[in-house]
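Structure first, then comments.
The values are calculated or read from the model by the stated rules, or taken from the named source; none is laboratory data. No experiment lies behind these values; they were computed from the predicted model shown. Cβ placement follows ideal geometry from the backbone for every residue including glycine, while neighbour counts extend to all protein chains displayed. All accessible areas refer to the heavy atoms of the entire protein, side chains included, with ligands and DNA or RNA removed. Shrake-Rupley method; radii C 1.70, N 1.55, O 1.52, S 1.80 Å.
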Amino acid sequence: MGRCYVVTGASSGMGKAVADLLEGRGGRVIRCDLNDGDVRADLASPAARRAMIEEISRLSGGVIDGLLLCAGIAAFVPAAVSINYFGMVELLDGLRPLLKRSDAPRAAAISSLGSTFETDEAIIAACLGHDEAAALAAAEARAGDPVVYTSTKRAVQLACRHRAVQPEWAGAGILLNLVAPGIVDTPMMAERLRNPQILAALQATMPLATGRYGTPEEIAELLAFLVSPANGLIVGQQLIADCGSDAIRRPDHV
């Protein structure tokens, strides 16, 4: 029997691409999203997150081999805190017992190149302190500012890195990593990428050494490797898949 995977954000973009890829390779995929899939839930709701964990446990039979957290919003609104951060970490922690029962458990989450940009320490501290009310309040104070989004992604990066090397994660054989895309041509980004002014601003902020932006299918290949048994060495890393943007912006940051 093939490996069982759980994919959030599976109805479009990078989540759909990796769910399709894993199914095409013989895996069983439990697709999760807001309005479509095997499990439907609003990650902004704590109650919905708990119900989602229970439903995944039921559908999986209590064992999952790979967890891929791709759901998120690229918006500068307080809800990004609940969806991008708390929706991710609560699923990570809540589904860890199911991963532990696998022979080769792996987990990967979508971060963002945004995690390398300016952030807000108050938002990050509240997230890492698992105080959702305080994180939402801090985000409300910066609503409309890109740091709301970048801070959620920086908090995701830190949360995964802190967890990855702990006894209950790597010590139990569960390898956890992230992929941080730059500009990717997804449905969420489609309108921005087709607007010449917005695209020019994006490319000025995130220059492209390759002269093009990525595709969901390319990110899917990275995610699929990270959650495969073939990955036995990468732990707690954020793989930046950005067509060279970070190397141009921060050439001495290694």
Checklist line | Output for region 233-245, where each listed residue is assigned to a loop (DSSP other than H, G, I, E, B) and either open to solvent by less than 50 Å² (accessible area, probe 1.4 Å) or of a type in the set (Val, Ile, Thr) (or both) | finding: Ile234, Val235, Gly236, Asp242, Cys243, Gly244
Note to self: I need a count of the residues in region 1-58 that are farther than 18 Å from Leu222 by Cα and over 14 Å from the mean Cα position of the chain (by Cα).
What the structure shows: 30
Note to self: The conditions are (1) over 16 Å from Val235 (Cβ atoms); (2) hydrophobic (A, V, I, L, M, F, W, C); (3) in contact (Cβ under 8 Å) with a residue 12 or more places away in the chain, and Ala164 fails exactly one of them. Which is it?
What the structure shows: (1)
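Does Ile124 satisfy the criteria of being over 23 Å from Arg3 (Cβ atoms) and buried (at least 21 other Cβ atoms within 10 Å of the Cβ)?
Against the criterion (over 23 Å from Arg3 (Cβ atoms) and buried (at least 21 other Cβ atoms within 10 Å of the Cβ)), Ile124 qualifies.
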Notebook entry, point to check: Given Ala155, Ala204, which one is under 17 Å from Gly72 (Cβ atoms) and either in contact with a helix residue (DSSP H, G or I) (Cβ under 9 Å, 6 or more places away or on another chain) or free of Cβ contacts under 8 Å to residues at least 60 places away in the same chain (or both)?
Noted result: Ala155
Check: Only one of these conditions is not met by Val254: (1) open to solvent by 70 Å² or more (accessible area, probe 1.4 Å); (2) among the β-branched types (Val, Ile, Thr); (3) within 19 Å of Gly15 (Cα to Cα). Which number is it?
Finding: (3)
Note to self: Condition (residue is open to solvent by less than 20 Å² (accessible area, probe 1.4 Å) and within 15 Å of the chain's Cα centre (by Cα)) applied to region 196-219: is it met by at least one residue?
What the structure shows: yes
Notebook entry, point to check: Just one of Gly72, Gly2 is of a type outside the set (Lys, Arg) and out of contact with any helix residue (DSSP H, G or I) (no Cβ under 6 Å at 6 or more places or on another chain); which is it?
Noted result: Gly2
Notebook entry, point to check: Can you name every residue in region 186-195 that is of a type outside the set (Val, Ile, Thr) and under 20 Å from the mean Cα position of the chain (by Cα)?
Noted result: Pro187, Met188, Met189, Ala190
Next item on the list: Scan region 222-232 residue by residue and report those that are assigned to a loop (DSSP other than H, G, I, E, B) and open to solvent by less than 70 Å² (accessible area, probe 1.4 Å).
Entry: Val227, Ser228, Asn231, Gly232
Next item on the list: Please specify each residue of region 210-226 satisfying the condition of being closer than 20 Å to Arg192 by Cβ and of a type in the set (Gly, Ala, Ser).
Entry: Gly211, Gly214
